[in-house]
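Quick notes on the structure that follows.
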Amino acid sequence: MTHNIKKVLVLGSGALKIGEAGEFDYSGSQALKAMKEEGIKTVLINPNIATVQTSKGIADEIYFLPITPYFVEQVILKEKPDGILLAFGGQTALNCGIELFNAGTLKKYNLKVLGTPIETIIKTEDREIFAQELRSIDVKTPKSMAVGSIDDALNAAGTLGFPIIVRAAFTLGGQGSGFCNNMDELRVLAENALSYSSQILVEESLKGWKEVEYEVVRDAYDNCITVCNMENFDPLGIHTGESIVIAPSQTLTNSEYHKLRSLALKIIRHFGVVGECNVQYALDPNSEDYRVIEVNARLSRSSALASKATGYPLAFVAAKLGLGYALQDLKNAVTKTTTACFEPALDYVVCKIPRWDLNKFEGVTKEIGSSMKSVGEVMAIGRNFEEAIQKGLRMIGQGMHGFVGNKNSKFEDVDKELANPTDMRIFAIAQAFEKGYTVNQIHDLTAIDKWFLSKLENISKLKWELQKVNELNSLGTDLFRKSKVYGFSDFQIARFVLKPEDGNMEPELLQVRNARKKLGITPVVKQIDTLAAEYPAQTNYLYLTYSGSENDLVYENDNKSVIVLGSGAYRIGSSVEFDWCSVNALSGVKKEGYRSVMINYNPETVSTDYDVCDRLYFDELSFERVLDIIDLEQPKGVIVSVGGQIPNNLAMRLHHSDVKVLGTSPESIDRAENRKTFSAMLDDLRVDQPRWAELSSIEAIHTFIDEVNFPVLIRPSYVLSGAAMNVVSNKNELEHFLNLATQVSKQYPVVVSEFIQEAKEIEFDGVAKDGEILIDAISEHVEFAGVHSGDATLVFPPQKLYFETIRRIRKIAREIAKSLNITGPFNMQLLAKDNDIKVIECNLRASRSFPFVSKVMDFNFVELATKAMLNGTIPSQMPSMFELENIGVKASQFSFSRLSKADPVLGVDMASTGEVGCIGPDYYDAILKSMLSVGYRIPKKGVLISSGPIRSKIELLKSTQMLQKKGYKLYGTRGTAKFLSENGVEIEGVAWPDEKGEITALDLIRSKEVDFVINIPKNLSEDELFNDYQIRRTAIDLNVPLVTNARLASAFIYSFCKKSLETLDINTYSHYLS
Amino acid sequence: MLKQAKLILEDGSEYHGTSFGYEGSVAGEMVFNTAMTGYPESLSDPSYRGQILVTTFPLIGNYGVPGDRKEDDLFRHFESEKIQLSGFVVSDYTEDFSHWNASLSLSDWMKEHQIPGIYGVDTRALTKKLRNGGSMKAKIVVDDQDVPFIDPNSRHLVSEVSTTEIKTYGKGKHKVLLLDCGVKNNIIRCLLKRDTTITRVPYDFDFTNEDYDGLFISNGPGDPKLNVKAIEHVKTAIGQDKPIMGICLGTQLMALAAGADTYKLKYGHRSHNQPVLLKGTKRCYITSQNHGYAIDTATLPSDWEVLFENANDNTCEGIKHKTKPFFASQFHPEASSGPTDTEFLFDDFIGMMETYKDKV
């Protein structure tokens, strides 16, 4: 093994976004671990402060900076690395690497690209070269033509014939892609795609073909293996990120499997990949004909999934191969005795299901297709397909109980649902079986392979069998066991057999559980060992199944296990930050001398890496499954406060089942979650809160609003990211939102509270023990209250709060902590207006901002909380936020460009998919770095402003003056132009989109005359809403930076007017801490 | 109606499940295979003669069984004329298969060949038992029709699967004499693709005076040492200079003929993912394997050397003669089922025949 690399630069993937999520935290962390093992110094650039990879001790140096050529070059200048890793930070890192290569930067600094050569990456990314290369080795690709203009696209379609698919080159997750059936559709799609990329592809459509992927690894000695293959449940036409995926493939014969496998090896050899690569195929369902759809010469979402599906650490191995190791020199990470040069044999199947959050967006199309919209995914493990898919559908966490037994999925037109897939299609299949459709009929409408459909039919048939029974006693052991083997939950069995009324089914559920245990029907624990039991595993990567008669593990029953409940699928409102919390809780548990046990099922995470804990149960976080695991582990206790709302919601139920919940008592958690008891407590403490009422009738709501006046905030209780929560400013909106709110929570009445305008919103994060606060962090929002805290821009330590405000917040926190006798992490959100402080929410769990404040303060809040919960020794000295010399700013990443037609506007409902956190010596430095990190660009030409209501017009006045001084050309919609010119700003008025015959705001955006758009929504007439929407959407669709909040727009403008790229502070994380 | 069935091992353990395929009891040697594809190929592989096979991959039957179309007088999709193993044990069996090329379900195929199966068994627990206790005698019992345990390795299994008559395939330029100890069809296909004429002879046929360019010693079932006549004939062949290639049992026969010893592995190698190192290089190949016996490398005579070695357990995966064109692989370069990465070994064999013919 020879390499002379001493220091490598690793590019991360930045904020989580649709198409690029937590999987790159996992792969980057693995790569860093691999480098560390070799004694190579690592420098990581990643502004995503919530990730595990940006925690201390993983990389040697961390830069919280945008992953753009400018910043990367600055870091290269400072650090002088001799190697760079581009394959571990998704498309973001790859694109940045290609730009650096093209600009000659890599050569200039003599930087060696480790692993796959950059020329190879470029070949696989440029679709035409890619197709040519494959043709040269007799590998088939779809008939396709690369074009650079709309006219050429239309001509190409004429040659190929419809239907066709349009794809944009160099984009992630199929951005700007879609199917077209005619010239009109093509024109629209081509324009959009050309806005992302100068090159688009017009291709033959292979709709209905099977979609199969292989994860391939090659070393520098030409040894190749395929680690895993995967088959999409949804045939070609639905992006693989939007598809239900099963691994390994299920409907391929040996000959098909190995034909595609051999091709994969041929391709990876031809391109000279060193490391990991993903090959996607279309396979004819009626012959062995195939096409290669795509090759990704980097770690991908699929490779993260494959790693978790097989136990083979692809990213770790790929990093080592990049250093020149041969595959057989590396050990199998699970057996520790056999070689890493092998192909995992699975003795189970995994099922990946995407998680969508389309309900969170106004106006978005629900249909899924060739471009990715899902925000997260789950992986379910089972020993048959029925078990895996039913588990998976429950894991998704949108109230579904499996394939059947869901009350909230009724479709009026099943045929349409089947033929035009949406995020709900799988449930349309369930309904079709219910209506008596045959497998063949459903196949004709969906083109889903009949094998999958008949497996789903098995589930429906079993449901009907269960429904014939009316009591558990007459169920019979065989049918009972069979139901469990095929993935039915106790809840489903309760619903089908006991047939209770809707509402709380807890008693029935427990009845089923008890009856089941009495009959000895319990799940068994199996290990994922990469070799299907051929060699013993040294790791505890586990899942539970009913297809088995014995456990792979012998339990100690020594009261030494501490179970940490993870956060489940990434979704809007809960993502990598809770993974960071979980991973840190696990290390805290270990440090206290206990056995760390993790339950989680998200393949994109570090917490589901079997190396971070003593035992990993890759399984459901349902009440039933958690109890099953507790039955086996007999733990000292369970930690429910680091994984977000999913575990938090289990606290009381576990408590009632005599499970020891560590930390704050579940009764206190319930007291804080329940608005009434919490409010009563605040009243007792004389702590102010916005006026509110829990109301269950429309009249009562009207009466309450008469009292407090519009605007009001409406929300259901028990929410995390504010599902169906909204600010309502008039009666029309009120009716609209009431409908939505009741849909989300039938059992809970609607809560209406007064909405205070122009109030500052403040986050309080703390850790307490026995009611005493050990440490706290207070951060302020840049935006006024009304923007969800998950979307808001956070400043820590606060720069613009009165000292008095901080003092009073701390006092309130102390009183609440004492009252609830908090032990562990907690978070509060407060409003401050003129030193008047109101508490709006209190969560007795770690919050989204825990990693951010922990890292800015250089003190691990979660580890301290874990210590507190386990009664460990608490350090006597705690740092204080007042001593911090630098400022952290957390900014949000939005993925509106992926969500076709969604209105890109911020509100009380969360819409961001990720975040970054940058640290700087001053406020503007940190603001600008963080905003550049989430994709904003400093404008060079013109700015288009629609400044909305008068308050925001005033807010923006000073910043527009600054823009003018800087020489920007300003355009404003009618009212804005009038207001600003009256106030001495030189600005050109433009027409609204619906004003025909003049140059409109949209024309300006389309012609790229403006490279920054400020559009502040007014919430007034329908027309204006439509006009504003058009401007916002066009900006997003044409990739022009857009800000929709006046305070944030001001902060951004101030920052780039006061600072320039060149004056931004480039320093390591450790520098800011010293 | 579904029939219950039992799998009983010689150590007394019992696994309950449901019968599929032929509804009758059977005894044999229990072995496991960790491949995830290729049950039609495995079931028709003569090397499984006398064995009850458990697949660790739980979902079996998904794509049914293809029709029995013949090409070159060989079944296109099978490895021999019939199902060769004695019984089949799986976790989750699919009757409602789906594939364009399928013509019947696995269960129906097994019924046709009177092979019993059992599903609903904890195949992982069973495999771990075999890993720890070694391959053992077992029986599938349907309808409580008990049968005695048998040790198929005490039988001369090769005689049960070898051809009884001499057959000729192809009209190519290289004359290959194929010693059939239970040859898989894909070995014949791989040779035919390479411009050969194959003369397939029974296992005990004395080929030493036949006219051929190269000798091919096939795979096959059971204890290699029982093939006394074949070993004698091979011994004569290695005294000459004509190229010889062996696969699996053929490798063991070559070793025994050369004077080396073989031994029984605890639970064998049966999978599609065995890494083998080409000795003295950095090349490591993923191979398909199915064997219960191995060559004891310490006993290899000095004019022979190890060609391939297993990267996991360092067992012998192939040998070659230091000077003469004789080589053999313990794994299956013909694959079917499994990875095809080492098919180039057939090219090497052809190359050797060419060189040999050039010389004489």
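The values are calculated or read from the model by the stated rules, or taken from the named source; none is laboratory data. In this text, all values refer to a predicted model and were calculated from it rather than measured experimentally. Note that we place each Cβ from the backbone using ideal geometry, even for glycine, and neighbour counts take in every protein chain shown.
Within region B:302-325, can one find any residue that is part of a loop (DSSP other than H, G, I, E, B), over 30 Å from B:TYR212 (Cα atoms) and without any contact (Cβ under 8 Å) to a residue 12 or more places away in the chain? Looking through region B:302-325, at least one residue is part of a loop (DSSP other than H, G, I, E, B), over 30 Å from B:TYR212 (Cα atoms) and without any contact (Cβ under 8 Å) to a residue 12 or more places away in the chain. Counting only strands (runs of 3 or more DSSP E) wholly contained in region A:510-620, the ones carrying 1 or more residues that are within 14 Å of chain B (Cβ to nearest Cβ) occupy A:524-527, A:541-545.
Could you go through region A:445-457 and let me know if any residue there is among the small types (Gly, Ala, Ser), within 13 Å of chain B (Cβ to nearest Cβ), at positive phi and out of contact with any Asp or Glu (no Cβ under 6 Å at 6 or more places or on another chain). Reasoning before the result, please.
We begin by selecting, within region A:445-457, every residue among the small types (Gly, Ala, Ser); these are A:447, A:454.
Filter once more, keeping what is within 13 Å of chain B (Cβ to nearest Cβ): A:447, A:454.
If we keep only those that are at positive phi too, we end up with A:447.
This time we only want the ones that are out of contact with any Asp or Glu (no Cβ under 6 Å at 6 or more places or on another chain), so: A:447.
Looking through region A:445-457, at least one residue is among the small types (Gly, Ala, Ser), within 13 Å of chain B (Cβ to nearest Cβ), at positive phi and out of contact with any Asp or Glu (no Cβ under 6 Å at 6 or more places or on another chain).
So that you can scan it fast, the table gives a plain yes or no per residue for (1) surrounded by 23 or more Cβ atoms within 10 Å (Cβ to Cβ); (2) away from chain A (no Cβ under 13 Å); (3) not in a loop (DSSP other than H, G, I, E, B):
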{"position": "B:LEU2", "(1), (2), (3)": "no, no, no"}
{"position": "B:ALA5", "(1), (2), (3)": "yes, yes, yes"}
{"position": "B:TYR15", "(1), (2), (3)": "no, no, yes"}
{"position": "B:SER19", "(1), (2), (3)": "yes, yes, yes"}
{"position": "B:ALA35", "(1), (2), (3)": "yes, no, no"}
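B:VAL121 - would you say it is among the hydrophobic types (A, V, I, L, M, F, W, C), modelled with pLDDT of 95 or more and assigned to a loop (DSSP other than H, G, I, E, B)?
It is true that B:VAL121 is among the hydrophobic types (A, V, I, L, M, F, W, C), modelled with pLDDT of 95 or more and assigned to a loop (DSSP other than H, G, I, E, B).
Residues that are within 14 Å of another protein chain (Cβ to nearest Cβ) and farther than 18 Å from B:LEU191 by Cβ within region B:315-337 comprise B:THR315, B:GLU317, B:SER337, listed in sequence order.
Applying the condition of being within 11 Å of chain A (Cβ to nearest Cβ) and in a loop (DSSP other than H, G, I, E, B) to region B:65-77 and asking which residue is surrounded by the fewest Cβ atoms within 10 Å (Cβ to Cβ) yields B:ARG76.
The residue that is nearest to the chain's Cα centre (by Cα), counting only those in region A:875-895 that are under 22 Å from A:HIS788 (Cβ atoms) and part of a strand (DSSP E or B), is A:GLN893. Every condition in (1) outside any strand (DSSP E or B); (2) in the same structural domain as A:SER303 (by TED's automatic domain parsing) is met by A:ASN192 except one, and the failing one is (2).
Taken over region B:217-258, residues that are over 19 Å from the mean Cα position of the chain (by Cα), in a loop (DSSP other than H, G, I, E, B) and surrounded by fewer than 22 Cβ atoms within 10 Å (Cβ to Cβ) amount to 4. Looking across region A:338-361, the residues that are within 8 Å of another protein chain (Cβ to nearest Cβ) and either acidic (Asp, Glu) or in contact (Cβ under 8 Å) with a residue 24 or more places away in the chain (or both) come down to A:THR338, A:CYS341, A:PHE342, A:GLU343, A:PRO344, A:ALA345, A:LEU346, A:ASP347, A:TYR348, A:VAL349.
Taking (1) in contact with a strand residue (DSSP E or B) (Cβ under 6 Å, 6 or more places away or on another chain); (2) in contact (Cβ under 8 Å) with a residue 60 or more places away in the chain; (3) surrounded by 24 or more Cβ atoms within 10 Å (Cβ to Cβ) in turn, A:ALA34 satisfies each apart from (1).
Being of a type in the set (Gly, Ala, Ser) and touching a helix residue (DSSP H, G or I) at 6+ places or on another chain (Cβ under 6 Å) is the filter here, so list the residues in region A:950-971 that pass it. Explain how you work it out, then say what you get.
The initial filter retains those residues of region A:950-971 that are of a type in the set (Gly, Ala, Ser), namely A:952, A:959, A:967.
A:SER952, A:SER959 - these are the residues of region A:950-971 that are of a type in the set (Gly, Ala, Ser) and touching a helix residue (DSSP H, G or I) at 6+ places or on another chain (Cβ under 6 Å).
Tell me which residues, restricted to region B:107-123, are farther than 21 Å from A:LEU346 by Cα, buried (at least 20 other Cβ atoms within 10 Å of the Cβ) and out of contact with any Asp or Glu (no Cβ under 8 Å at 6 or more places or on another chain).
Correct list: B:TRP109, B:MET110, B:ILE115, B:GLY117.
Taking helices (runs of 4 or more DSSP H) that do not extend beyond region A:420-479, which have at least 3 residues that are closer than 23 Å to A:GLY397 by Cα? First the steps, then the outcome.
On the way: elements: A:425-434, A:439-446, A:450-467.
In region A:420-479, the matching helices (runs of 4 or more DSSP H) lie at A:425-434, A:450-467.
Give me the residue from region A:1055-1074 that is in contact with a Lys or Arg (Cβ under 7 Å, 6 or more places away or on another chain) and surrounded by fewer than 20 Cβ atoms within 10 Å (Cβ to Cβ) and, out of that set, nearest to A:LYS958 (Cα to Cα). Top of the filtered list is A:CYS1057.
Quick one: in region A:918-953, which of the residues that are part of a loop (DSSP other than H, G, I, E, B) and basic (Lys, Arg) is farthest from the chain's Cα centre (by Cα)? Don't jump to the end; show me each part of the working.
Initially, region A:918-953 is screened for residues part of a loop (DSSP other than H, G, I, E, B), giving A:921-922, A:934-941, A:947-949.
Remaining after also requiring basic (Lys, Arg): A:937, A:940-941.
Numbers: A:ARG937: 23, A:LYS940: 32, A:LYS941: 34 Å.
Residue satisfying both the conditions and the ranking: A:LYS941.
Okay, residues lined up against (1) assigned to a strand (DSSP E or B); (2) aromatic (Phe, Trp, Tyr); (3) at the interface with chain B (Cβ under 10 Å from one of its Cβ atoms):
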site: A:THR251; (1), (2), (3): no, no, yes
site: A:LEU260; (1), (2), (3): no, no, no
site: A:ILE267; (1), (2), (3): no, no, no
site: A:HIS270; (1), (2), (3): no, no, no
site: A:VAL279; (1), (2), (3): yes, no, no
site: A:ASN286; (1), (2), (3): no, no, yes
site: A:ILE293; (1), (2), (3): yes, no, no
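Determine, yes or no, whether B:ASN62 is within 14 Å of another protein chain (Cβ to nearest Cβ), modelled with pLDDT of 95 or more and buried (at least 19 other Cβ atoms within 10 Å of the Cβ). Reasoning before the result, please.
Working: within 14 Å of another protein chain (Cβ to nearest Cβ): yes; modelled with pLDDT of 95 or more: yes; buried (at least 19 other Cβ atoms within 10 Å of the Cβ): yes.
When the stated conditions are applied, B:ASN62 passes them.
Of the residues making up region A:547-604, those that are of a type in the set (Val, Ile, Thr) and surrounded by 23 or more Cβ atoms within 10 Å (Cβ to Cβ) are A:VAL562, A:ILE563, A:VAL564, A:ILE572, A:VAL576, A:VAL583, A:VAL589, A:VAL597, A:ILE599.
Please enumerate the residues belonging to region B:260-293 that are within 20 Å of A:ARG261 (Cα to Cα) and either among the aromatic types (Phe, Trp, Tyr) or in a loop (DSSP other than H, G, I, E, B) (or both). Selection gives B:ARG283, B:TYR285. Could you please let me know if B:ASN312 is more than 12 Å from every other protein chain (Cβ to nearest Cβ), surrounded by 20 or more Cβ atoms within 10 Å (Cβ to Cβ) and within 23 Å of B:PHE57 (Cβ to Cβ)? So B:ASN312 fails the test. Of everything in region A:362-391 that is touching a strand residue (DSSP E or B) at 6+ places or on another chain (Cβ under 7 Å) and of a type in the set (S, T, N, Q), the residue that is farthest from the other protein chains (Cβ to nearest Cβ) is A:SER371. Name the residues in region B:42-59 that are away from chain A (no Cβ under 14 Å) and either in a strand (DSSP E or B) or closer than 21 Å to A:THR530 by Cβ (or both), would you? Selection gives B:GLN51, B:ILE52. For region B:259-287, the candidate set comprises residues that are in contact with a Pro (Cβ under 7 Å, 6 or more places away or on another chain) and more than 14 Å from chain A (Cβ to nearest Cβ); within that set, the residue that is surrounded by the fewest Cβ atoms within 10 Å (Cβ to Cβ) is B:GLY259.
Against the test of being assigned by TED's automatic domain parsing to the domain that holds A:LEU32, buried (at least 23 other Cβ atoms within 10 Å of the Cβ), assigned to a loop (DSSP other than H, G, I, E, B) and among the β-branched types (Val, Ile, Thr), the options A:ILE84, A:ILE67 yield a single qualifying residue, A:ILE67.
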